[in-house]
1. Taking the condition of being more than 14 Å from every other protein chain (Cβ to nearest Cβ) and closer than 29 Å to residue B:45 by Cα, how many residues in segment A:90-125 meet it?
2. Among the residues of segment B:8-17 satisfying the criterion of being more than 11 Å from the chain's Cα centre (by Cα) and without any contact (Cβ under 8 Å) to a residue 60 or more places away in the chain, which is nearest to the other protein chains (Cβ to nearest Cβ)?
3. Please give the strands (runs of 3 or more DSSP E) falling wholly within segment A:53-123 in which 2 or more residues are surrounded by fewer than 24 Cβ atoms within 10 Å (Cβ to Cβ) and without any contact (Cβ under 8 Å) to a residue 60 or more places away in the chain.
4. Can you pull out the residues in segment B:53-80 that are buried (at least 16 other Cβ atoms within 10 Å of the Cβ), away from chain A (no Cβ under 11 Å) and touching a helix residue (DSSP H, G or I) at 6+ places or on another chain (Cβ under 8 Å)?
5. If I filter segment A:31-52 down to residues being surrounded by fewer than 17 Cβ atoms within 10 Å (Cβ to Cβ) and under 14 Å from the mean Cα position of the chain (by Cα), which single residue comes out as nearest to residue A:77 (Cα to Cα)?
6. Which of (1) free of Cβ contacts under 8 Å to residues at least 12 places away in the same chain; (2) in contact with a strand residue (DSSP E or B) (Cβ under 8 Å, 6 or more places away or on another chain); (3) under 11 Å from residue B:11 (Cα atoms) does residue B:72 not meet, given it meets every other one?
7. Name the residues in segment B:46-58 that are over 12 Å from the mean Cα position of the chain (by Cα) and modelled with pLDDT under 90, would you?
8. Kindly list the number of the only condition in (1) under 16 Å from residue A:120 (Cβ atoms); (2) assigned to a loop (DSSP other than H, G, I, E, B) that fails for residue B:27.
């Protein structure tokens, strides 16, 4: 039902859609969070992600389980990167299958919104003249 | 009693170590630990919010700590 992964290797969206695909589903929603090349017009060279791994995995698992109970969805893949990411690389992928599209979209959004609130993963933006830990919720 | 302190992100930069042993009196709570940490590392107080996790679970301020607990300092998260 669930596939929760935290890895320092590149993420694969095809793998995520393949994992959630099943004959009873009518749709798959997928969200891919990617590394943007600038923040407030300041060029970003790359990102660095750090995780408190055991807790991050546990929190990701909780979010996915919660999504299964809140929405009529079938399978969820929740993958997140750690380490150094270049511009354009995927930092997070969430794929959700459901009999009907509305639940798939809703669950996908729920997972990414919750992930940004509770999962202990931190992103550092590397600029030409320095680096800054991003505080998503200051 | 001794607890194992873990720091991440900006909290790690302030404290200077990812792992640290920390001495606390028996019966200390998360709030007591927070007070001690801010005394030793005043820059922690300036952070918008630092949550604490005990043995990989978010903990309330009144949570009672036990010897050998793993306590993590969780500055505002920014995954995704």
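The values are calculated or read from the model by the stated rules, or taken from the named source; none is laboratory data. What you see is a predicted model, and the numbers here were worked out from it, not measured in a lab. Please note: Cβ atoms are built from the backbone with ideal geometry, for glycine as well, and neighbour counts cover all protein chains shown.
1. The qualifying residues number 0.
2. For segment B:8-17, the residue satisfying everything is B:13.
3. Output list reads A:83-86.
4. Scanning segment B:53-80 gives B:59, B:63, B:65, B:71.
5. Here the answer is A:32.
6. Only one criterion in (1) free of Cβ contacts under 8 Å to residues at least 12 places away in the same chain; (2) in contact with a strand residue (DSSP E or B) (Cβ under 8 Å, 6 or more places away or on another chain); (3) under 11 Å from residue B:11 (Cα atoms) is unmet by residue B:72, namely (1).
7. B:46, B:47, B:48
8. The number of the failed condition is (1).
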